[in-house]
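The values are calculated or read from the model by the stated rules, or taken from the named source; none is laboratory data. Bear in mind the structure is a predicted one, so any value in this text is a computation, not a measurement. Remember, those area values only see protein heavy atoms, side chains included, never the ligands or the DNA or RNA. Shrake-Rupley method; radii C 1.70, N 1.55, O 1.52, S 1.80 Å.
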Amino acid sequence: MEFDFERFNLFMKHKFGVTLPNSMISPALDFSKPVAFSKGNIILGIGEPMEKVYFILNGIARSYYLDIDGNDITKIFLPEMSFCVGESFFTNE
């Protein structure tokens with residue numbers, strides 16, 4: 001999937017009031033690679049360390065947990081143009 005600079009900057013303008021020149025975005029793309037997940041795939045399981053940061057170009061991701069009774073509780077939905085990062089990425093747990 002090709003990175004859409006214009007769409008990204010529309011998001012940045014709407015969300016943060018700024019845009020970034022392509023020359024600032026391109027270096028990050030140089031060490032990135034596209035991956036695709038099918039609906040229902042689990043990106044990060046309970047207790048697994050997160051070693052990657054994902055940027056959602058297309059689709060939506062859901063962060064959830066199981067409560068003490070085993071109920072599936074949604075924490076947040078991550079829409080397109082969002083970073084997807086698990087807490088373990090920052091805590092090394």
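When the solvent-accessible surface of protein heavy atoms is calculated with a 1.4 angstrom probe, in what order do Y65, Y54 fall, highest first?
In descending accessible area the options line up as Y65, Y54.
Carbon-plus-sulfur fraction of the accessible area of the chain, 1.4 Å probe, in percent?
57 percent
Keeping every protein chain present and rolling a 1.4 Å probe, give me the accessible area per residue for the chain in Å².
Dividing the accessible area of the chain by its residue count gives 82 Å².
For the chain, just the Cα set please: Rg and Dmax, both in angstrom.
Just the Cα atoms of the chain yield Rg and Dmax of 15.3, 50 Å.
For F83 and I46 in one chain, what is 0.36 nm times their gap in residues minus the Cα-Cα distance, to one decimal in nm?
11.4 nm
List the extent of the Cα atoms of segment 29-76 along each of their three principal axes, largest first, rounded to whole Å.
In descending order, the Cα extents are 44, 22, 16 Å.
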